[in-house]
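Here the structure is laid out as C-alpha coordinates; the discussion comes afterwards.
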Amino acid sequence: MVKCSKCGTEVASPLKTWSMVGRPSKTGERFKLTLGLFKCPICEKRFRVVLGKERVTIKGIIKEIKGIEKGLMQTSRSLREKIEKLESEKADLLEEIDKLRKVGEEKASALEEEVATLRKEVESLRKLLGDLE
Ligand SMILES: [Zn+2]
(Lines give C-alpha, C1' and ligand atoms only; values in the text may rest on other atoms or scores of the structure.)
Protein backbone atom coordinates (compact mmCIF):
# COMPACT_ATOMS: atom_id res chain seq x y z
CA MET A 1 0.00 0.00 0.00
CA VAL A 2 1.42 3.36 -0.97
CA LYS A 3 0.19 6.84 -0.16
CA CYS A 4 -0.63 9.55 -2.67
CA SER A 5 2.19 12.06 -2.68
CA LYS A 6 -0.31 14.90 -2.90
CA CYS A 7 -3.27 14.09 -0.65
CA GLY A 8 -2.10 11.05 1.29
CA THR A 9 -4.83 8.70 0.13
CA GLU A 10 -3.78 5.07 0.18
CA VAL A 11 -3.57 3.53 -3.28
CA ALA A 12 -3.82 -0.24 -3.45
CA SER A 13 -2.25 -1.25 -6.73
CA PRO A 14 -0.12 0.36 -9.41
CA LEU A 15 -1.26 1.04 -12.97
CA LYS A 16 1.94 -0.60 -14.10
CA THR A 17 5.28 -1.71 -12.82
CA TRP A 18 8.63 -1.96 -14.50
CA SER A 19 12.21 -2.36 -13.53
CA MET A 20 15.38 -0.62 -14.48
CA VAL A 21 19.02 -0.89 -13.60
CA GLY A 22 20.40 2.28 -12.13
CA ARG A 23 23.82 3.82 -12.62
CA PRO A 24 26.64 2.26 -10.63
CA SER A 25 27.25 3.80 -7.25
CA LYS A 26 30.63 5.11 -6.05
CA THR A 27 31.48 1.63 -4.84
CA GLY A 28 30.65 0.20 -8.26
CA GLU A 29 27.47 -1.45 -7.17
CA ARG A 30 24.47 -1.42 -9.40
CA PHE A 31 20.89 -1.64 -8.25
CA LYS A 32 17.88 -2.87 -10.04
CA LEU A 33 14.90 -0.77 -9.14
CA THR A 34 11.33 -1.92 -9.41
CA LEU A 35 9.10 1.06 -10.00
CA GLY A 36 5.36 1.42 -9.90
CA LEU A 37 3.15 4.03 -11.50
CA PHE A 38 0.19 4.85 -9.31
CA LYS A 39 -2.85 6.99 -9.78
CA CYS A 40 -4.66 8.45 -6.81
CA PRO A 41 -8.39 7.61 -6.98
CA ILE A 42 -9.25 10.83 -5.13
CA CYS A 43 -7.12 13.61 -6.61
CA GLU A 44 -6.11 11.70 -9.76
CA LYS A 45 -2.46 12.59 -9.34
CA ARG A 46 -0.08 10.14 -10.98
CA PHE A 47 3.11 9.36 -9.12
CA ARG A 48 5.95 6.89 -9.20
CA VAL A 49 7.12 4.83 -6.25
CA VAL A 50 10.19 2.64 -5.90
CA LEU A 51 8.73 -0.70 -4.94
CA GLY A 52 11.92 -2.66 -4.75
CA LYS A 53 15.65 -2.26 -4.83
CA GLU A 54 17.88 -5.19 -5.51
CA ARG A 55 21.62 -5.28 -5.81
CA VAL A 56 22.67 -6.47 -9.23
CA THR A 57 25.18 -9.27 -8.92
CA ILE A 58 26.74 -11.59 -11.46
CA LYS A 59 24.86 -14.38 -9.72
CA GLY A 60 21.62 -12.48 -10.16
CA ILE A 61 22.32 -11.80 -13.83
CA ILE A 62 23.13 -15.46 -14.46
CA LYS A 63 19.95 -16.46 -12.66
CA GLU A 64 17.97 -14.05 -14.83
CA ILE A 65 19.59 -15.33 -18.03
CA LYS A 66 18.85 -18.90 -16.96
CA GLY A 67 15.25 -17.89 -16.36
CA ILE A 68 15.05 -16.35 -19.84
CA GLU A 69 16.65 -19.46 -21.35
CA LYS A 70 14.16 -21.69 -19.57
CA GLY A 71 11.31 -19.53 -20.83
CA LEU A 72 12.65 -19.71 -24.39
CA MET A 73 12.99 -23.47 -24.17
CA GLN A 74 9.44 -23.77 -22.95
CA THR A 75 8.23 -21.48 -25.71
CA SER A 76 10.03 -23.44 -28.41
CA ARG A 77 8.80 -26.73 -26.94
CA SER A 78 5.19 -25.57 -26.88
CA LEU A 79 5.58 -24.17 -30.42
CA ARG A 80 6.95 -27.49 -31.61
CA GLU A 81 4.04 -29.31 -29.99
CA LYS A 82 1.61 -26.90 -31.61
CA ILE A 83 3.20 -27.39 -35.03
CA GLU A 84 3.14 -31.17 -34.63
CA LYS A 85 -0.52 -31.05 -33.68
CA LEU A 86 -1.33 -28.82 -36.65
CA GLU A 87 0.59 -31.08 -38.98
CA SER A 88 -1.28 -34.17 -37.85
CA GLU A 89 -4.54 -32.23 -38.15
CA LYS A 90 -3.55 -31.23 -41.69
CA ALA A 91 -2.79 -34.86 -42.55
CA ASP A 92 -6.21 -35.89 -41.20
CA LEU A 93 -7.90 -33.19 -43.24
CA LEU A 94 -6.05 -34.14 -46.42
CA GLU A 95 -7.09 -37.75 -45.88
CA GLU A 96 -10.69 -36.68 -45.38
CA ILE A 97 -10.58 -34.52 -48.52
CA ASP A 98 -9.20 -37.50 -50.43
CA LYS A 99 -12.05 -39.71 -49.15
CA LEU A 100 -14.63 -37.08 -50.01
CA ARG A 101 -13.16 -36.66 -53.47
CA LYS A 102 -13.37 -40.41 -54.05
CA VAL A 103 -16.97 -40.46 -52.87
CA GLY A 104 -17.68 -37.48 -55.13
CA GLU A 105 -16.05 -39.17 -58.12
CA GLU A 106 -18.02 -42.37 -57.49
CA LYS A 107 -21.23 -40.38 -57.23
CA ALA A 108 -20.41 -38.50 -60.44
CA SER A 109 -19.71 -41.67 -62.39
CA ALA A 110 -22.93 -43.26 -61.01
CA LEU A 111 -24.84 -40.17 -62.16
CA GLU A 112 -23.17 -40.35 -65.57
CA GLU A 113 -24.34 -43.94 -65.94
CA GLU A 114 -27.85 -42.97 -64.86
CA VAL A 115 -27.91 -40.11 -67.33
CA ALA A 116 -26.71 -42.41 -70.11
CA THR A 117 -29.46 -44.93 -69.26
CA LEU A 118 -32.06 -42.16 -69.23
CA ARG A 119 -30.80 -40.89 -72.58
CA LYS A 120 -31.22 -44.36 -74.03
CA GLU A 121 -34.73 -44.52 -72.62
CA VAL A 122 -35.58 -41.14 -74.10
CA GLU A 123 -34.22 -42.26 -77.44
CA SER A 124 -36.20 -45.48 -77.44
CA LEU A 125 -39.34 -43.55 -76.41
CA ARG A 126 -38.78 -41.13 -79.29
CA LYS A 127 -38.32 -44.02 -81.65
CA LEU A 128 -41.50 -45.60 -80.34
CA LEU A 129 -43.42 -42.34 -80.73
CA GLY A 130 -41.93 -41.86 -84.25
CA ASP A 131 -43.00 -45.34 -85.19
CA LEU A 132 -46.54 -44.57 -83.96
CA GLU A 133 -46.84 -41.38 -86.05
ZN1 LIG B 1 -4.31 12.07 -4.04
Can you tell me which residue in region 13-26 is nearest to the ligand (Cβ to nearest atom), limited to those that are touching a residue at least 24 places away in the same chain (Cβ under 8 Å) and of a type in the set (A, V, I, L, M, F, W, C)?
L15
Does L111 satisfy being free of Cβ contacts under 8 Å to residues at least 40 places away in the same chain, over 38 Å from the mean Cα position of the chain (by Cα) and assigned to a helix (DSSP H, G or I)?
yes
Filter region 34-51 for residues that are more than 14 Å from the ligand (Cβ to nearest atom) and touching a residue at least 24 places away in the same chain (Cβ under 8 Å); which is surrounded by the fewest Cβ atoms within 10 Å (Cβ to Cβ)?
L51
In region 1-19, the residues that are modelled with pLDDT under 90 and closer than 14 Å to L51 by Cβ:
M1
Does any residue of region 75-86 turn out to be out of contact with any strand residue (DSSP E or B) (no Cβ under 8 Å at 6 or more places or on another chain), within 30 Å of G22 (Cβ to Cβ), assigned to a helix (DSSP H, G or I) and of a type outside the set (A, V, I, L, M, F, W, C)?
yes
Return yes or no: is L100 within 15 Å of the ligand (Cβ to nearest atom) and either of a type in the set (A, V, I, L, M) or part of a helix (DSSP H, G or I) (or both)?
no
Would you say E81 is out of contact with any Pro (no Cβ under 9 Å at 6 or more places or on another chain) and either more than 30 Å from K6 (Cβ to Cβ) or outside the structural domain of K26 (by TED's automatic domain parsing) (or both)?
yes
Tell me the residue from E54, E10, E69, E29 that is among the acidic types (D, E) and within 16 Å of the ligand (Cβ to nearest atom), please.
E10
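The values are calculated or read from the model by the stated rules, or taken from the named source; none is laboratory data. Keep in mind the model is a prediction, meaning the values are calculated, not measured. Ideal geometry is used to build each Cβ from the backbone, glycine not excepted, and the neighbour counts take in all protein chains shown.
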